[in-house]
Amino acid sequence: MARPQKRGMDYFPMDVNTNHTLDYLRMRFGLVGFGAVIRLWQRIYAENGYYMEADEDALGFFAEENRLNPEELDQIITFAVRQGIFDEQLYEEEGILTSYEIQERYFSAVGRRSRVEADSRYFLLPAEECGGNLCLDGVFVNRNTAETDVPACNNPQTKENNTKVNQIIQNQTIQDQTTQ
């Protein structure tokens, strides 16, 4: 039986030097606000990979799980949305927490997967920059029909064969030079 396709990630990269928007958030809400955003990112990357539903139930559970006051969490998220940490339009219209940067980081990290599912309603990146494994609403985007579904890998057998071929060519060249 085939292994089920993983949606999220086990870890995500984070710059050690934060940008000004996170600094403003930390100045306004202290380490509680900073920690809340980091925990939101963890939830986003772990579950759906590039977004999180931000409805009342999900945020209420998140607040309880992280021992946050729901009103304070709402203030932190509102501030983060205004600062551009999360996309304002998707938050207002769809109740989704995501951003261009979150998606860029996610789709870059999962670029070697053979298939990466995405919902076009929440997708912010230019699809042509995401490679042939992007599947928007069940349809591959930018997939060359000649491509296979086998992901690129460093196959040692192929590498070994190439090395042997190169050695044979070099030996042949040396023999040709010595006979002349």
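The values are calculated or read from the model by the stated rules, or taken from the named source; none is laboratory data. A quick note: this is a predicted structure, and the numbers were derived from the prediction, not measured. In this analysis, Cβ positions are derived from the backbone assuming ideal geometry, glycine residues included, and neighbour counts consider all displayed protein chains. These accessible areas exclude ligands, DNA and RNA; they are computed on the full protein's heavy atoms, side chains included. Shrake-Rupley method; radii C 1.70, N 1.55, O 1.52, S 1.80 Å.
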Worksheet item: If you check Ile76, Ile85, which single one turns out to be part of a loop (DSSP other than H, G, I, E, B), under 19 Å from Ile38 (Cα atoms) and not charged (D, E, K, R)?
Response: Ile85
Worksheet item: Can we say Ile44 is closer than 14 Å to Arg105 by Cβ, touching a strand residue (DSSP E or B) at 6+ places or on another chain (Cβ under 6 Å), in a helix (DSSP H, G or I) and among the β-branched types (Val, Ile, Thr)?
Response: yes
Worksheet item: Is at least one residue of the range 74-93 touching a residue at least 12 places away in the same chain (Cβ under 8 Å), of a type outside the set (Asp, Glu) and over 20 Å from Arg26 (Cα atoms)?
Response: yes
Worksheet, complete the sentence: Subset of the range 122-140, residues open to solvent by 20 Å² or more (accessible area, probe 1.4 Å) and aromatic (Phe, Trp, Tyr), comes to Phe123, Phe140
Response to the item:
If we ask which residues in the range 48-73 are in a loop (DSSP other than H, G, I, E, B), closer than 16 Å to Asp119 by Cβ and touching a helix residue (DSSP H, G or I) at 6+ places or on another chain (Cβ under 7 Å), their number turns out to be 4
Discussion item. Residues that are aromatic (Phe, Trp, Tyr) and either free of Cβ contacts under 8 Å to residues at least 60 places away in the same chain or surrounded by fewer than 18 Cβ atoms within 10 Å (Cβ to Cβ) (or both): does the range 45-61 have at least one?
Written reply: yes
Practice prompt. Kindly indicate which of Val110, Val116, Val139, Val150 is more than 20 Å from Trp41 (Cα to Cα) and either under 11 Å from the mean Cα position of the chain (by Cα) or modelled with pLDDT of 60 or more (or both).
Written response: Val139
Discussion item. Could you check the range 80-102 and list, in sequence order, the residues that are open to solvent by less than 40 Å² (accessible area, probe 1.4 Å) and at positive phi?
Written reply: Gly95
Response to the item:
Checked the range 60-86 for anything modelled with pLDDT of 95 or more, within 22 Å of the chain's Cα centre (by Cα) and over 13 Å from Trp41 (Cα atoms); matches are Val81
